[in-house]
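Peer 1: Structure provided below as structure tokens; questions to follow.
The values are calculated or read from the model by the stated rules, or taken from the named source; none is laboratory data. Note that the structure is predicted; figures quoted are calculated from it, not measured. Note that we place each Cβ from the backbone using ideal geometry, even for glycine, and neighbour counts take in every protein chain shown. These area figures cover heavy atoms from the full protein model, side chains too; ligands, DNA and RNA do not enter into them. Shrake-Rupley method; radii C 1.70, N 1.55, O 1.52, S 1.80 Å.
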Amino acid sequence: MGNGIDPASVPQRTLYTGVKMPAIGIGTFGSDKYTADQVSDALYGAVAGGYRLIDCASVYQNEHKIGKVIHRLIKDQIVNREELFITSKVWNDMHGEGEVIASCKQSLKDLELEYLDLYFVHWPFPNYHAPGCDGDSRNPDSKPFSVEDFMEVWKQCEQLLDEGLVRHIGMSNMTIPKLEAVLPHCRIQPAAIEMELHPAFQQPELFTYATERQIVPIGYCPIGSPSRPERDRDVEDVVDTQMIEIVEIAEAHKVHPVEVCLKWAVQRGQVPIPFSVKEYQYLSNLRCVTEDPLTEEEMERIRLADKNCRLVKGQVFLWPGAKSWEDLWDLDGTITQ
């Protein structure tokens with residue numbers, strides 16, 4: 001691809017094992033909005049254009065499509081397996097005994113891989129909701145976070161690593177109180193934590209907590225997730241690309257506000273995982289983090305612009321007796337039961 005980006009020019013993060021991973025990846029959430037051909041073409045083009053990190057999950061229901069693309073990329077000698085860093089996640093309905101291992105093996109089969117570079121626990125509880133449900137949906141079987149239940153899931157993740165099916169394991173959608181409760185019980189520490197991160201929702205305390213423990217923050221919704229499900233939309237939500245600070249910095253650099261969000265994310269130290277099916281967008285998303293960095297003053301201005309606006313509130317995971325979506329996030333510093 002003539003207008004691609006040299007993967008060697010893309011910044012990297014070093015995991016606690018010493019393994020390096022790209023500091024930006026291509027996400028696949030939301031790709032259910034597009035046809036199989038659109039997803040396949042975009043992923044093929046993204047990797048051919050320089051991406052090496054692919055963020056997947058079983059609940060996205062497209063890993064079998066992604067696997068065919070990965071197979072074709074390797075067959076066409078665009079890339080070899082060792083150059084790729086591929087992640088996946090176990091969904092909430094596979095937290096039972098043996099189910100985490102079964103889910104991972106299914107992801108490996110669908111992705112046509114022998115191992116995953118990083119495998120996440122997608123949410124820290126088994127609260128399932130039907131795909132495409134609305135924001136008022138509630139599962140009566142949902143329950144609050146349990147250290148004991150979570151550790152049974154994590155032990156299976158550790159087993160996956162022991163067996164060589166995954167090379168690192170991670171957590172997602174956690175809070176500091178939950179991490180404080182489970183980390184002392186982990187035989188193998190998480191290498192990364194996936195969390196919502198964008199200029200309007202920077203989670204500075206959790207970000208610092210993770211980085212101080214050599215847990216790499218991977219940020220979803222890096223540009224504010226304009227295509228997120230309707231159930232996650234609220235009239236009070238802040239649109240990152242319309243924040244005056246982001247717009248003015250974009251004008252100064254003569255770039256789109258999306259690029260400012262991504263530059264900020266990579267320079268701050270997290271790993272953003274934007275998704276797009278449009279070639280000019282996914283290539284500019286990658287290229288922008290390799291050139292024309294933001295100044296220290298611009299980084300500070302964005303830091304001060306944090307609106308604490310969580311977009312993915314997770315209300316469909318609430319259990320009977322929970323008051324609101326805020327109960328999922330332990331805002332008072334204790335695990336909400």
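Peer 1: Give me the distance in nm between label points sitting 7 Å out from Cα along the Cα-to-Cβ direction at VAL147 and HIS185, one decimal.
Peer 2: Result for the modelled spin labels: 0.7 nm.
Peer 1: What number, in percent, do you get for the relative contact order of the chain if the mean sequence gap of Cα pairs under 8 Å and at least 6 apart is divided by its residue count?
Peer 2: 20 percent
Peer 1: Can you give the accessible area of VAL239, probe radius 1.4 Å, in Å² rounded to 10?
Peer 2: 70 Å²
Peer 1: Report the residues of the stretch 22-53 in range of a label on ASP6: point 7 Å along Cα→C-beta, backbone N strictly under 19 Å from it.
Peer 2: 22-24, 47-53
Peer 1: Another question about this same structure. Return the sequence-ordered ³J(HN,Hα) values of the stretch 35-48 in whole Hz as given by the Karplus equation 6.51 cos²θ - 1.76 cosθ + 1.60 applied to θ = phi - 60°, using x for Gly and Pro.
Peer 2: With the stated coefficients, the stretch 35-48 comes to 6, 4, 5, 5, 5, 4, 5, 5, 5, 4, x, 5, 5, 4 Hz.
Peer 1: Using the Karplus curve 6.51 cos²θ - 1.76 cosθ + 1.60 with θ = phi - 60°, what ³J(HN,Hα) values do you get for each residue of the stretch 89-104, in whole Hz, with x for Gly and Pro?
Peer 2: Couplings: 8, 8, 8, 4, 8, 10, 9, x, 4, x, 6, 4, 5, 5, 5, 4 Hz.
Peer 1: Amide H to amide H under 5 Å from HIS95: which residues, 5+ apart in sequence or cross-chain, H placed 1.01 Å off N in plane?
Peer 2: Counting only residues 5 or more places away or on other chains, the set is empty.
Peer 1: What does the extension gain come out to for HIS71 and ILE176, with contour length at 0.36 nm per residue minus their alpha carbon separation?
Peer 2: Using 0.36 nm per residue and subtracting the Cα-Cα distance, I get 33.9 nm.
Peer 1: Can you list the HN-Hα couplings for the stretch 16-22, worked out from phi with the Karplus curve (6.51, -1.76, 1.60; θ = phi - 60°), rounded to whole Hz and with x for Gly and Pro?
Peer 2: Values, residue by residue: 5, 7, x, 5, 9, 10, x Hz.
Peer 1: Follow-up. Amide H of VAL166: which non-local residues (sequence gap of 5 or more, or other chain) have their own amide H closer than 5 Å, using H built in the peptide plane?
Peer 2: Under 5 Å from the amide H of VAL166 lie the amide H atoms of LEU116, LEU161, each far enough along the sequence or on another chain.
Peer 1: Now for a separate question. Normalised by the residues of the stretch 1-155, what does the relative contact order come to in percent, with Cα pairs under 8 Å and at least six apart? Please report the intermediate quantities before stating the final value.
Peer 2: On the way: 212 pairs, mean separation 29.0, N = 155.
Worked out over the stretch 1-155, it gives 19 percent.
Peer 1: Cα gyration tensor of the stretch 107-207, axes a ≥ b ≥ c as square roots of the eigenvalues: rounded (a/c below 1.5), prolate (a/b > b/c) or oblate?
Peer 2: Note, shape of the stretch 107-207 comes out rounded.
Peer 1: Still on this structure, I have one more. Would you mind counting up the charge near LEU53? Only other residues with Cβ under 13 Å from its Cβ, with Lys and Arg at +1 and Asp and Glu at -1.
Peer 2: So the environment of LEU53 carries a net charge of -1.
Peer 1: Among residues other than LYS307 whose Cβ falls under 11 Å from its Cβ, what is the net charge (Lys/Arg +1, Asp/Glu -1)?
Peer 2: Neighbourhood net charge equals -4.
Peer 1: A follow-up question, please. Could you tell me the center-to-center distance, by alpha carbons, between the stretch 115-191 and the stretch 36-52 in angstrom?
Peer 2: 28 Å
Peer 1: If you take every DSSP beta bridge whose two residues both sit in the stretch 16-156, what share of them, in percent to the nearest 5, is antiparallel?
Peer 2: Expressed as a percentage, antiparallel bridges in the stretch 16-156 total about 0.
Peer 1: Now for a separate question. As a test of the formula, what do you get for the chain when each DSSP H run with n ≥ 4 contributes -39,500 (n - 2.57) and the sum is divided by the residue count, at 222 nm and rounded to the nearest 500 deg cm²/dmol?
Peer 2: Helices in the chain give a 222 nm mean residue ellipticity of -10000 deg cm²/dmol.
Peer 1: Still on this model: Within the stretch 211-291, which trypsin sites (Lys or Arg not before Pro) sit in a loop by DSSP and count at most 15 neighbouring Cβ atoms inside 10 Å? Spell out each step's value before the answer.
Peer 2: Details: sites: ARG213, ARG231, ARG233, LYS254, LYS263, ARG268, LYS278, ARG287; in loops: ARG213, ARG233, LYS254, LYS278.
For trypsin sites (Lys or Arg not before Pro) across the stretch 211-291 that sit outside H, G, I, E and B with at most 15 neighbouring Cβ atoms in 10 Å, the list reads ARG213, ARG233, LYS254, LYS278.
Peer 1: Enter the accessible area per residue of the chain (Å², integer; probe 1.4 Å; all protein chains in place). Please list the in-between numbers first.
Peer 2: Working: 14880 Å² over 337 residues.
Per residue, the chain has an accessible area of 44 Å².
Peer 1: Would you mind counting up the charge near THR290? Only other residues with Cβ under 12 Å from its Cβ, with Lys and Arg at +1 and Asp and Glu at -1. Please report the intermediate quantities before stating the final value.
Peer 2: Values: positive: LYS263, ARG287; negative: ASP6, GLU259, GLU291, ASP292.
So the environment of THR290 carries a net charge of -2.
Peer 1: Which loop-located GluC sites (Glu not before Pro) does the stretch 265-337 contain, where loop means any DSSP state but H, G, I, E or B and the Cβ has at most 16 other Cβ atoms within 10 Å?
Peer 2: Qualifying residues, ordered by number: GLU291.
Peer 1: Which entries in LYS89/LYS313; LYS68/LYS105; LYS178/LYS313; LYS65/LYS263 show an alpha-carbon gap greater than 24 Å?
Peer 2: Values: LYS89/LYS313 19 Å; LYS68/LYS105 16 Å; LYS178/LYS313 17 Å; LYS65/LYS263 30 Å.
Where the Cα-Cα span goes over 24 Å, the pairs concerned are LYS65/LYS263.
Peer 1: Which value in nm describes the separation of the simple spin-label points at HIS256 and GLU83, placed 7 Å from the Cα toward the beta carbon?
Peer 2: Each label point lies 7 Å from its Cα, and together they span 2.5 nm.
Peer 1: Taking H as built 1.01 Å from N, whose amide H comes closer than 5 Å to the amide H of GLN12, not counting residues under 5 places away?
Peer 2: ALA23
Peer 1: Something else now. How much space per residue, in cubic angstrom, does the convex hull of the C-alpha atoms of the stretch 1-54 take up? Could the numbers behind the result be given before it?
Peer 2: Details: hull volume 4.6 nm³, N = 54.
Taking the convex hull of the Cα positions in the stretch 1-54, it is 86 Å³ per residue.
Peer 1: In terms of Cα to Cα distance under 16 Å, which aspartates and glutamates are near enough to LYS155, apart from those fewer than 8 places away along the same chain?
Peer 2: GLU97, GLU99, GLU163
Peer 1: Here's a follow-up. Starting from the stretch 1-110, pick out the GluC sites (Glu not before Pro) whose DSSP state is loop and whose Cβ has at most 15 other Cβ atoms within 10 Å.
Peer 2: Those that pass, being in a loop and sparsely packed, are GLU97.
Peer 1: Considering the values (i) 1.09; (ii) 0.95; (iii) 1.26, which represents Cα Rg over 2.2 N^0.38 Å as calculated for the structure under consideration?
Peer 2: Here the calculated entry is (ii).
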